[in-house]
1. Where in region 175-213 does the label zone of residue 161 land, with the point 7 angstrom along Cα→C-beta and an amide N cut-off under 18 Å?
2. Would you kindly derive the ³J(HN,Hα) couplings of region 273-284 from the backbone phi angles with the Karplus curve 6.51 cos²θ - 1.76 cosθ + 1.60 (θ = phi - 60°), listing them in order in whole Hz, with x for Gly and Pro?
3. For region 367-381, take each phi angle, set θ = phi - 60°, evaluate the Karplus expression 6.51 cos²θ - 1.76 cosθ + 1.60, and give the result in whole Hz per residue in order, putting x for glycine and proline.
4. Give, in nm to one decimal, the length gained when the segment between residue 381 and residue 353 is fully stretched (0.36 nm per residue of separation minus the Cα-Cα distance).
5. Out of region 180-232, which trypsin sites (Lys or Arg not before Pro) are coil in DSSP terms and have no more than 16 other C-beta atoms within 10 Å?
6. What nm distance separates the two modelled labels at residue 564 and residue 194, each placed 7 Å from Cα along Cα→Cβ?
7. What is the extension gain from residue 304 to residue 135, computed as 0.36 nm multiplied by their sequence separation minus the C-alpha to C-alpha distance, in nm to one decimal?
8. Considering amide H positions built from the backbone, and no H for Pro or chain starts, which residues 5 or more places from residue 325, or on another chain, come under 5 Å of its amide H?
Amino acid sequence: MAHHGLHRRSDRRCDAHSAVSGLRQDCNYSHRQRSVLKLAPSCLCGDYGNLKRSVHSEEMGQHVSWGFSNLAKTSDLSTGPTSILGLLTAEIVHDLSEEDFDITKIATSVSLFVGVYSLIIGLFGLGFLLDYVSFPVLTGFISAAALVIAFGQVGSLVGLSNVPSGVFNVIGDVLKRLPDWDGPTCGVGLGTLIILIGLEKVGKKWGKRHFAIKLLANSRAVIVLVIFTLISYLVNRGRDKADYAWKVSQVSTHGIARPHVPESSLVAKVATRAVAPLVASTLEHLAVGKAFGRKNNYQIDQSQELNYLGVVNIANSFFSTMPVGGAMSRTAVASECGVKSPLNGLFTAGFILLTLYVLSPALYWLPSTTLSAIIIMAVVHLFGPLSLFYRFWRISFADFVASMISFWVTIFVSAEIGIGVAVAWSVAWTMLRSTFVKPVIHSSSNEITTSIPQPITRITASGPRRGSAPATGTQTENTGISIPGDTIVVDFNDAVFFPNAERAKNTTLTAIKLVYPRVESSLSQDDRDRHWSVAAEKRLERLRAQKQVRLKETPLAVVVWDFTMVPFIDTSGILTLKELKDEIRVHSGKSVQIRMVGMSDKVRNRFWRAKWNLVDLEEWREEDADLVYPSMESAIWDRDSESGADASSEKKG
């Protein structure tokens, strides 16, 4: 009974937390939805009321799928319209509205495709595709989008209309029309900015010590919304619309839009354009979920979150809505209120209904300049600080270039092209890096180590150890393994596949020919009659002079291929290694052994499918088989297998 009572008290506490969260999220949603609406281009003002109604319906459409969200998403994560999605949707609306499509239907179609794509990615476990959008690319993309959003509000902030799109076009037009700035509008906008900045500073300084101050600072957008709506009502009531002191939002709601099927004629138009909102919504949704999962000590299921995002956007599309994703501000409210389950969504829906039918008429008087100031202050924090871009420069120039491509292409072209070009650059750079990967060569002479210089503690280059026992397992990591003079180790430090296979072969052959003499007995009569490349011999002589290397007296006997760092090998890689094996034996004799170590099951299976005869050290091998050793030390120092191979050859003879 005591346990049952505790459980009931716990449930009541969860219900209370959910109710408080629902009320606070209603306030957050009320000003956020109007902020998102402002992102619609000014040229669409004739149909602006329809878009308002569609976004008012969005929250209810979202909660139609609440039952699905119970099974799929975390308790903290809360979805809704976001600034980034507002910008990307507004761009699509702006372009397609010129073809006489209804703006509400355009936004609805975008929501449908974002939902369908998200659901496909979630159901088929394709979330790894989002990993191709790196953090620098995402930072540049979001920073550019934030700038576009902020500068898109400057005209409304100072009372100008017909301001062109584009960051630099806005700057030039607004400065050129400086005498046309409206004084009262500028005053209200500047006052809104001052209050927002002041409350933010106060919250940062004293919010941690006083809950009331923290609450006041977190609610600053709602506070200025109420203050300036009241001022606007007192100043403009009784006036004709043409005589208002400043432009007002003129919100006029007519309830929730009836469900309807998205227009089929927009399918082909929106299918490709919805990719940018998809990337933005999924990445932001997962990032917010992971952030609050770390904060509250739980782990999200990426596939379930994508399934939820797909279901909620598909359901929303039947209620004339724009796409939604994980909203940082609403999720923060839910987390701070101690929400323990998705039940808070029902409370939020109830308060939203109250707002739509009772409180929204009061927001008719909300100054447009106040809303623009709220948007500017909301998105200014999305811009990545310059120090972050400098850090990209310091850490990786390629990442810096990727962030700059994403940033500038988004500014000058479009969001989807910006993120697409930046991802293409990242993929191309990754392929280029793989192309120029070379194996590290180790032998008994330090001077022959070629390719990328790096410290290898596992293998230490040293002279031949004649008359001494091989190194034992008691050696420390710093001591490493000594290499005899007749042995060379080829350390493949990445996948061996078509971009880098030929380079790996050439690097290995050059290292061998540089120090090991050619064994004439390995040549057939046809080989002796061949005209050898004089240029290649001269190049080797120049390299020997540069590196001060002399030919060894000891012929090459063993070549060890280290596959420890090779996760993958393709057909080109195996065929190239086969050529490498043949060319090594042409140069150093057919008695040279190719030994392999550190092969994973996946890599060895590829060799087996290519009919490459591999056997383990303990197994009896045929004459043409290559040995796979359990450790580097045994691969370097084993000499018993050589006599075994000779015995096998004699037996066959």
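Derivation of every value follows stated rules applied to the coordinates shown; laboratory data play no part. What you are looking at is a predicted structure, and each value in this text was computed from that prediction instead of being measured. Glycine gets a Cβ as well: all are built from the backbone with ideal geometry, and neighbour counts include every protein chain shown.
1. Only 177-186 fall inside the zone, counting backbone N under 18 Å.
2. Karplus-based 3J(HN,Hα) across region 273-284 equals 5, 7, 5, 4, x, 4, 4, 5, 5, 5, 5, 5 Hz.
3. x, 4, 5, 5, 5, 5, 5, 4, 5, 4, 5, 6, 8, 4, 7
4. Contour length minus Cα-Cα distance gives 7.1 nm.
5. 208, 209
6. About 6.8 nm, to one decimal.
7. 58.6 nm
8. 80, 82
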